Structures are given as structure tokens and as C-alpha cells.
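Report on the following structure.
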Amino acid sequence: MAAVASQIVLNPVVSQSLKLWSTTVGRDKTYRAVQYFARFFAWWLLRRGYTVQGARWNNLKSSLGSGRKLMRLFKPLEHLQAALRATQASTSPGEQITTIARQLSYFGYLTYDMLVWAHSIRFVTFTPETARKVNKISQRFWLAGILFSITNGLLKTGRLANEAKALRDPTEKSFGDDGVKRARLSAVATQRATTRHQLVIDLLDVWLPATGLGLVNLNDGVAGIFGLITSLLALQSQWSAVSK
């Protein structure tokens with residue numbers, strides 16, 4: 001029995017999962033996945049008349065949302081630092097500008113999101129009108145950040161496609177010999193896969209703040225599924241990161 005328990009507890013998957021959840025990103029994305037599943041499942045239950053069960057899952061969704069806001073209290077500074085580092089990066093002007101704009105947008109989103117959280121726990125008190133205004137500004141910054149991220153991803157996709165094409169051209173000698181070109185082509189392929197992965201996340205996530213702002217009208221079921229998918233995709237990236 002002890003041997004079986006040891007095999008389960010010390011299983012590499014368990015160890016990898018603990019390593020994942022030891023990171024702030026790993027915990028946040030796990031909570032986010034459960035939060036959006038709860039949003040979908042509460043909608044599904046309420047649609048079928050299971051009021052009590054639906055309320056239970058709605059409460060879970062709200063609690064996880066509030067907990068995630070607490071975990072992100074100092075995250076705006078990360079995005080501000082990233083924006084400053086992007087000003088010194090050597091890349092194309094379009095990619096640099098959209099990177100800076102994305103990071104500043106996320107800085108604004110998370111800063112206002114802190115105020116939303118502070119009001120929700122009654123640490124500060126806003127009038128209903130001010131609370132709605134603060135939440136709306138937060139959602140606008142979130143939407144802007146995702147749109148800048150999508151634009152950045154499209155620009156990067158185009159640049160990497162052109163670079164890959166040039167690397168495959170046997171007459172192109174500016175990259176060096178065949179060995180150097182193969183190594184560079186492998187690196188470009190990895191970057192393209194990462195960029196596509198993030199684009200998929202952004203193209204699904206963009207509907208969440210758009211719904212919050214009333215620009216589109218996704219129900220909680222669809223929004224919950226979109227959020228669950230993007231959370232799992234982000235967890236997949238973090239899983240790969242901690243396994244290196």
C-alpha cells in the first residue's frame with residue numbers, strides 16, 4: 001500500500017503540477033479555468049431551472065474572481081516595467097509600439113481593477129455611478145490591451161513568415177551557412193508557434209471585455225467556454241515553461 005501511495009504522490013506529473021502551482025501564473029490560470037467553468041456551468045444550470053445549484057456555482061465564480069484580483073494587486077508594476085523594457089528593444093517600429101501600448105493598457109486595466117476589487121470588499125466606497133464608471137474604464141483598458149496584442153501578433157506573424165521564406169531560399173547567403181540557417185529556421189518556427197498560440201488566446205479573450213462593455217452580447221455560457229479554453233491554453237504554456 002505504501003509503495004502504491006509513493007508512486008502516486010511522487011509521480012512526475014504530480015511533481016510537475018506542484019511546480020506549476022508554485023508559480024503565481026500557474027495558480028492564477030488554474031483559478032481562472034475553474035472560474036470560467038463555473039460561469040458556464042451556472043448558466044447551464046439556471047437555464048434548466050436548477051436555481052439553487054446555479055447560485056452555488058455563481059458564488060464560486062464570484063469568489064474566485066475576487067481572489068484573483070487580490071493576487072494581481074502588484075501586477076500593474078510588471079506591465080509598467082515591461083513597457084519600459086520594450087522601449088529599449090531592437091525590433092520593428094510597429095511591433096515595438098504595439099508592445100508598449102499593450103503593456104500600458106494592461107497597466108491601466110489592472111490599476112482600475114484594483115479599485116473595482118477595493119470597492120467590492122468595501123475597503124473604499126464609490127457611489128453606484130462611480131463604481132460603474134471605474135469598472136467600465138477597466139474593461140476599456142482590457143479590451144485595448146487585447147486589441148494591441150492581436151495587432152502585435154499579426155505584425156510578428158508577417159515578419160516571421162517573411163524571415164522563414166528567406167531562410168528557405170537556397171540563394172540567400174546573408175544568414176550564413178546551411179547549419180546556421182537551419183538553427184535559425186528552427187528558432188523562427190518556435191517563435192511562430194508561440195505567436196499563433198497567443199493569437200488564438202487573444203482572439204477568444206477579446207470577446208470578454210467586449211461583452212462587459214456591451215459591444216457584443218455573448219451569454220455567460222459562451223463567455224464561460226471562451227474563458228475556460230484560453231485559461232487552459234495559458235496553463236499549457238506555463239506547464240511547458242516550468243518543465244524546462
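Who wins for biggest fluctuation among Phe107, Phe40, Phe74 in a Gaussian network model of the chain, springs between alpha carbons below 10 Å?
Phe74
Of Val116, Val216, Val206, which is the most mobile in a GNM of the chain whose springs link Cα atoms less than 10 angstrom apart?
Val216
Starting from the Kirkwood radius over alpha-carbon pairs of the chain, derive D by Stokes-Einstein at 37 °C in a medium of 0.692 mPa s and give it in µm² s⁻¹.
159 µm²/s
Local charge sum around Phe141 (other residues, Cβ-Cβ under 11 Å, Lys/Arg +1, Asp/Glu -1)?
So the surrounding residues net to +2.
Could you run the Karplus curve 6.51 cos²θ - 1.76 cosθ + 1.60 with θ = phi - 60° over region 197-210 and give me ³J(HN,Hα) per residue in whole Hz, x for Gly and Pro?
Each residue's phi maps through the Karplus curve to give 4, 5, 5, 4, 4, 5, 5, 8, 5, 4, 6, 6, x, 4 Hz.
Per residue of region 107-115, what does 6.51 cos²θ - 1.76 cosθ + 1.60 with θ = phi - 60° give for ³J(HN,Hα)? Whole Hz please, x for Gly and Pro, Karplus curve as stated.
Along region 107-115, the couplings run 4, x, 4, 6, 5, 5, 5, 4, 5 Hz.
Of Arg184, Arg48, Arg159, which is the most mobile in a GNM of the chain whose springs link Cα atoms less than 10 angstrom apart?
Residue with maximal mean-square fluctuation among Arg184, Arg48, Arg159: Arg48.
Once both axes come from the Cα atoms, what is the angle between helix 220-242 and the longest principal axis of the chain, in degrees from 0 to 90, rounded to 10?
That works out to roughly 50 degrees.
Using each residue's phi in region 23-30, evaluate 6.51 cos²θ - 1.76 cosθ + 1.60 at θ = phi - 60° and report the 3J(HN,Hα) Karplus result to the nearest Hz, with x for Gly and Pro.
Coupling constants for region 23-30: 9, 4, 5, x, 5, 4, 5, 5 Hz.
At what distance in nm do the modelled label points of Asn59 and Glu129 sit from each other, each positioned 7 Å from its Cα along Cα→Cβ?
Label-label distance for Asn59 and Glu129, simple model: 3.5 nm.
Exceeding 19 Å between C-alpha atoms, which entries from my cross-link table qualify? They are Lys61/Lys133; Lys29/Lys69; Lys69/Lys136; Lys29/Lys61. Could the numbers behind the result be given before it?
Values: Lys61/Lys133 22 Å; Lys29/Lys69 12 Å; Lys69/Lys136 16 Å; Lys29/Lys61 14 Å.
Among Lys61/Lys133; Lys29/Lys69; Lys69/Lys136; Lys29/Lys61, the Cα-Cα distance tops 19 Å for Lys61/Lys133.
Ratio of Rg to Rh for region 72-213, alpha carbon only, Kirkwood?
Using Cα coordinates only, the ratio equals 1.14.
Non-local amide H neighbours of Val124 (under 5 Å, H modeled in plane, Pro and chain starts lacking H): which ones?
So Val124 has HN proximity to His119.
Any read-out appearing in this document is the output of simple, stated calculations on the displayed coordinates, not a laboratory observation. Treat the numbers as computed from the prediction; the structure is a model and nothing was measured. Heads up, the Cβs are rebuilt from the backbone with ideal geometry, glycines too, and the neighbour counts pull from every protein chain shown.
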